[in-house]
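To start, the structure itself, in structure tokens.
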Amino acid sequence: AIRIVCLCLALGAIPAEPGVTTDAADALRSWLTNRGALISESVGVSHNDERGLELHALKDIAAGEEILSMPQDAVISAEIAAKGSRFVSAVAELWDPPPKVRLPKIGHEAFWVEQRDEMTSLASKSQVVLAAFLAEEWRFGNQSTYTPWLALVPRSYPTCPMLWTTEEMECLGNLDEKSVISDKQKQWLQDYQTILHYVPGMRNISYAEFATARVAVESRTHGVLMGEPSKEETCFVPFADLLNHNETPVAKWGSERNAQVGEMRRFRIDVPRGANTGDLLPCSYGKKSHQQIFLTYGFADVHASRKVTLNVVLPRWDPHRSERMAMMLHIGAYRSFAVRSATPAMDPQEFRLLLASLRVATVAPERLNDDPSSMLSPLGAEEEKTALRFLADLAAELVSDLKKAPARNGDLGASSAAARTCSSYRGQLAEVLQGVQAFAEGVRISHASVSNIVARSLQELYEGLPT
């Protein structure tokens, strides 16, 4: 039985010329064949300026045809990586229980013990070990035994937010993603400094190299079933990491849960529905959100599920602000609300609370003495219109913020990788809010779009409210 899974793979710009790409791909194919892999002659490697390297069909592929079969010992797990290098082994040993010694509660060494404990409890051992392995192999250059594979592994990920500078992150404006990235960057730096303290070999690797290797691990590895009983391990799988993403995948990959008697378990890629000559052979990233894909892989996926957050902010100049806030708190509506690019765009109860908060924010002062639960149901026609106008204005303001470049983004230039990625990501979030605005204004969107989906879904929720 083959377990079919599809995790994500990076879309990185690879500075390879067509001729070099062909030579490198041939070298990789030969190298893997010598390691026991079977690679179909129907599959080729091509280069796209936007998507980097990708697999395509050199000739027709029959439905269900297997295009890659690789023995388990040809994939690169953290355990295999550690066995081949003293440095990588030393990094892996940081996850082993430290000897029980009495340490002072304060002091230099106590600090590093705490740092080690934090890293080994929060960071994935497999990911950190594989990052150390990749960074070291990059250092070896052409002397690395993995040179044929490394030739096709990107060394630069300019669209990946985890490698952006503080200035580049300004393109995110006020999005929550900025703090998420900043916190993760700080954790990665802390992990690097901790390894540097315990493993002298890390001095040969800069933080920039280590962080780039961690991005490669996050974006180019697969979950491979290994050991007995079977356990999914994060692994590099050469050649398979050339698969790119599409919401309608052509290729599927997986690892065998059980091997035949006398045989080694294998990693396989097949093409369930077949492919025609020249077709690309992408896989699917699986169920990952718009934000997850952006943060991990560095691109804005137009087909991924998007989410925006609405906050009903009460004006500070409103003399009845405290009463409105108290009423919202009483009915549980003083909070943030998530709107998604799906049907339904909101949980029905969440939607009901959002409307209640809008009513509380806009009703006449004398209505603030009413039973708070009355705000959970539609009010008079004019009051409902005023509440929805408040929502339309809120959505319009957020759309405007997302569509204009942040003021501090001027030095980046619109052509930078960070600026282009941010622009696409922000624009796709704005489409969700445009749907909110269209619903609130009662505007019909004729063309098929995310905005249309959101507007229609919210209208259906509104029409289904209890009266």
Does any residue in the stretch 332-345 that is farther than 17 Å from Ser451 by Cα and touching a residue at least 24 places away in the same chain (Cβ under 8 Å) come within less than 9 Å, Cβ to Cβ, of a residue that is among the aromatic types (Phe, Trp, Tyr) and open to solvent by less than 70 Å² (accessible area, probe 1.4 Å) six or more places away or on a different chain, and which pairs are these? Phe337/Phe351
Positions within the stretch 439-448 being touching a residue at least 12 places away in the same chain (Cβ under 8 Å) and either of a type in the set (A, V, I, L, M) or closer than 12 Å to Arg306 by Cβ (or both), in sequence order: Ala440, Val443
Could you grab me the full set of residues in the stretch 360-380 that are at pLDDT 95 or above and under 20 Å from Ala438 (Cβ atoms)? Thr362
With Ser30, Ser126, Ser46 as the choices, which residue is in contact (Cβ under 8 Å) with a residue 24 or more places away in the chain, assigned to a strand (DSSP E or B) and hydroxyl-bearing (Ser, Thr, Tyr)? Ser46
If you go through Val313, Val302, the only one that is of a type in the set (Val, Ile, Thr), touching a Leu at 6+ places or on another chain (Cβ under 9 Å) and at negative phi is Val313
Name the residues in the stretch 432-467 that are over 21 Å from Leu355 (Cβ atoms) and open to solvent by 60 Å² or more (accessible area, probe 1.4 Å), would you? Ser446, His447, Ala448
Hits in the stretch 312-322 (condition: open to solvent by 50 Å² or more (accessible area, probe 1.4 Å) and under 11 Å from Ala361 (Cβ atoms)): Val313, His320, Arg321
Taking the stretch 120-145 and keeping residues among the hydrophobic types (A, V, I, L, M, F, W, C) and surrounded by 22 or more Cβ atoms within 10 Å (Cβ to Cβ) leaves Val128, Val129, Leu130, Ala131, Ala132, Phe133, Leu134, Ala135
Residue ID - least open to solvent (accessible area, probe 1.4 Å), chosen from residues in the stretch 202-220 that are modelled with pLDDT under 95 and closer than 21 Å to Met119 by Cα: Ser219
How many residues does the stretch 334-362 contain that are aliphatic (A, V, I, L, M), under 16 Å from Gln459 (Cβ atoms) and either touching a Cys at 6+ places or on another chain (Cβ under 6 Å) or surrounded by 20 or more Cβ atoms within 10 Å (Cβ to Cβ) (or both)? 6
Within the stretch 146-167, the count of residues that are among the charged types (D, E, K, R), touching a Leu at 6+ places or on another chain (Cβ under 9 Å) and either assigned to a loop (DSSP other than H, G, I, E, B) or buried (at least 21 other Cβ atoms within 10 Å of the Cβ) (or both) comes to 0
Can you tell which of Lys307, Lys288 is among the charged types (D, E, K, R), open to solvent by 20 Å² or more (accessible area, probe 1.4 Å), touching a Cys at 6+ places or on another chain (Cβ under 8 Å) and under 28 Å from Glu168 (Cα atoms)? Lys288
Where a residue in the stretch 265-279 is part of a loop (DSSP other than H, G, I, E, B) and its partner, wherever it lies, is among the hydroxyl-bearing types (Ser, Thr, Tyr), with Cβ under 8 Å and at least six apart: Arg265/Ser255
Selection status of Leu196, surrounded by 18 or more Cβ atoms within 10 Å (Cβ to Cβ) and of a type in the set (A, V, I, L, M, F, W, C): no
Restricting attention to the stretch 192-241, report how many residues are free of Cβ contacts under 8 Å to residues at least 40 places away in the same chain and part of a loop (DSSP other than H, G, I, E, B). 5
Provide a single number: the residues in the stretch 177-212 that are of a type in the set (Asp, Glu) and closer than 29 Å to Val308 by Cα. 2
Taking first residues from the stretch 427-438 that are of a type in the set (Val, Ile, Thr) and second residues anywhere that are open to solvent by 10 Å² or more (accessible area, probe 1.4 Å) and part of a helix (DSSP H, G or I), the pairs with Cβ under 7 Å that are 6 or more apart or on different chains are Val432/Val450
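The values are calculated or read from the model by the stated rules, or taken from the named source; none is laboratory data. Here the structure is a predicted model, which is why all the values come from computation and not from measurement. Cβ atoms come from the backbone with ideal geometry, glycine included; neighbour counts cover every protein chain shown. We work out accessible area using only protein heavy atoms, side chains counted, and drop any ligands, DNA or RNA first. Shrake-Rupley method; radii C 1.70, N 1.55, O 1.52, S 1.80 Å.
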